[in-house]
Each structure stands twice: as structure tokens, then as C-alpha cells.
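Written out below as C-alpha cells is the structure these notes cover.
The values are calculated or read from the model by the stated rules, or taken from the named source; none is laboratory data. Owing to the predicted nature of the structure, the values given are computational and were not obtained by experimental measurement. Don't worry about glycine lacking a Cβ; one is built from the backbone with ideal geometry, like all the others, and counts go over all protein chains shown. Note: areas computed on protein heavy atoms with side chains; ligands, DNA, RNA excluded. Shrake-Rupley method; radii C 1.70, N 1.55, O 1.52, S 1.80 Å.
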Amino acid sequence: MAEAVFYLSRTKSLIVIAVQIASAAVILILSTLPLTQLVWFTLYYLLLVVALLYHQVIHNREKEARMSNEALLEEYRKMKRQLLVEEQQARQDERMLIGHEIHDSVGHKLTALLFQFEAFRLTAAEKDKETVGNLKELAEQSLEETRQAVRSFKQNEVGGLQGVIRLIRKLEIESFMKINFSVKHGAFAAPLTGEQSFAIFRAVQEALTNIMKHSSSREAQVIFEAPGGSIFRFEVINAATHDRYFQEGYGLKAMRERLEKVGGTLEIDYETHRFLVRGTIRLADWGGSDD
């Protein structure tokens with residue numbers, strides 16, 4: 001009766017309890033027990049049934065409360081992720097606005113200043129031409145630095161581990177993917193170059209995009225690790241049905257070439273129940289020299 005009350009619905013558990021009580025009643029009636037013992041047995045069964053039904057009510061309430069709390073927690077996480085995305089978008093919009101203001105004000109004025117220097121150099125005395133040329137070169141350098149600053153303000157794509165984390169958040173929000181992300185063995189402290197970080201970001205991005213396009217599973221696992229500080233390794237794993245006619249497409253080939261350019265390798269492990277993409281990049285040691 002206890003198992004029926006715990007695992008079954010109210011209706012089914014009542015049916016099991018009724019059968020049990022009927023069976024017990026038949027046994028007691030056919031027995032030769034005294035009336036006092038029969039009364040005690042009957043009272044015991046009634047109290048047991050009341051206790052089990054009360055336990056079922058409390059258990060169901062706790063289960064409903066737990067499910068409600070989980071739903072609220074999931075909604076809170078979605079809102080938090082949405083706020084993070086909106087905050088990043090607002091920050092990017094502000095950076096774009098600042099970049100436009102720098103380009104429209106400082107950039108245009110420096111360009112006009114260069115024209116004035118060139119006009120003055122053409123009419124200046126021979127002894128002043130070198131000074132004017134130096135001033136023009138300084139203005140050109142200032143204009144180039146301003147353009148670089150504007151380009152950095154307009155840069156919207158972030159590579160490396162930070163870019164991967166943002167990519168995972170974006171996919172979870174927009175594509176309803178469940179991505180288990182783990183960092184092991186000091187991967188965040190690995191001495192990656194900017195080119196290596198961006199190659200890792202692109203590789204993970206391509207692997208997750210392939211999962212969205214070709215896999216029936218909406219769940220993936222991403223692992224970063226740097227064992228011993230000599231190599232950096234990432235793995236993207238998802239469940240997949242085995243296809244004996246599988247061959248690398250354009251995306252995987254481009255991923256392999258990109259990693260090889262930064263001293264890395266790419267492995268594809270296609271087993272019966274999973275598809276694994278593993279990238280490995282050789283690192284410089286902590287002192288700055290190659291291993």
C-alpha cells in the first residue's frame with residue numbers, strides 16, 4: 001500500500017488500498033480470532049490508510065511546490081540571460097555611437113589639418129618645409145590612431161574563451177540548446193595568443209553550428225583544458241546516430257586549416273552513439289619560449 005500511495009496516482013492508489021483492505025477483511029472473517037483482536041486489526045488498517053493518504057497529499061504538494069520553484073528558477077535564469085544580452089547590446093550601441101562621434105569630429109578635423117599642412121608646405125620657404133613635413137607626419141599618425149580607435153569601438157566580435165562563453169549563452173537563449181560547459185586544468189590561464197584564441201572560438205562556433213544543423217540532439221558538451229601548460233585542448237561532444245557514409249564537409253576542413261595555421265591539430269571521433277570534435281594547440285611555456 002505504501003508503494004502504491006508513493007508511486008501511483010490518487011485513483012490507482014485507492015484501488016490498490018481497497019483490494020488490500022478487502023483481502024484483509026476476508027482473511028480476518030475466515031479466521032478464528034477473538035472479536036477484540038478483530039477490532040484492533042480493523043482500527044490498525046483504517047489508521048494506516050489515513051496516514052498513507054495524508055502522506056500522499058503532503059508528497060504531492062511538495063512535488064508541485066518543487067516543480068513551481070524550478071519553473072520560477074528557470075524563468076529567472078532566462079530573464080537574467082536576456083538582461084545580459086540587452087546590456088551587451090546597449091554597451092555595443094554606445095561604443096558605436098562614440099566611434100561615430102570620434103570619426104565625425106576628430107577624424108574630419110585631422111583630415112582638414114592635413115590638407116592645410118600640405119597647402120602650407122607647398123608655399124613655405126625651403127627652411128620651413130622640413131618642420132611642416134614633420135608636423136604633417138605627426139597629424140597623419142594621429143589620424144591613423146584615431147581610425148584604429150574607431151575600428152576597435154566598432155568591433156563586435158569577441159574571440160577566445162570569453163567569446164565562446166557569449167556564444168554558448170546566445171545559443172542557449174535563441175536556439176534552446178542545452179550546452180554543458182566545463183573548464184579544466186587551468187585553461188583560463190593558458191598563454192594563448194590572440195590568433196590562437198580566435199581560431200579556438202571559430203572552431204567551437206563551427207562545431208556547435210554543425211550540431212544545430214545536422215544533429216537531432218539539442219544537447220552538447222564543451223570542454224576546455226590545458227594539461228601541463230604545454231598544450232591547449234578543446235572538445236565538443238554531442239549524441240549522434242552512426243552514419244558509415246560520413247565524410248568531412250567544408251566547415252570541418254576550414255576548421256582544420258584554421259587550427260593548423262596556429263600550430264594546432266583537429267581530430268574527428270565519430271563513434272556509434274556520439275560525435276566528438278577535438279582540437280589541440282601547442283602553447284608557449286610560461287617563460288615565453290617554445291617547448
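Structure notes:
- The condition of being modelled with pLDDT under 80, open to solvent by less than 70 Å² (accessible area, probe 1.4 Å) and either part of a helix (DSSP H, G or I) or within 30 Å of Gly194 (Cβ to Cβ) (or both) holds for only one of Ala90, Ala119, that being Ala90.
- Contacts under 6 angstrom Cβ, first residue in region 164-189 being over 16 Å from Ser215 (Cβ atoms), partner charged (D, E, K, R) and surrounded by 13 or more Cβ atoms within 10 Å (Cβ to Cβ), 6 or more apart: Arg169/Arg81; Ile173/Arg81; Lys184/Glu225; His185/Glu225; Ala187/Glu225
- Extreme residue, nearest to the chain's Cα centre (by Cα), among residues of region 166-223 that are of a type outside the set (A, V, I, L, M, F, W, C) and open to solvent by less than 40 Å² (accessible area, probe 1.4 Å): Ser182
- Region 1-45, subset in a helix (DSSP H, G or I) and either acidic (Asp, Glu) or in contact (Cβ under 8 Å) with a residue 40 or more places away in the chain (or both), residue most open to solvent (accessible area, probe 1.4 Å): Glu3
- For region 122-136, filtering for residues that are surrounded by 12 or more Cβ atoms within 10 Å (Cβ to Cβ) and either part of a helix (DSSP H, G or I) or touching a Lys or Arg at 6+ places or on another chain (Cβ under 6 Å) (or both) leaves 6.
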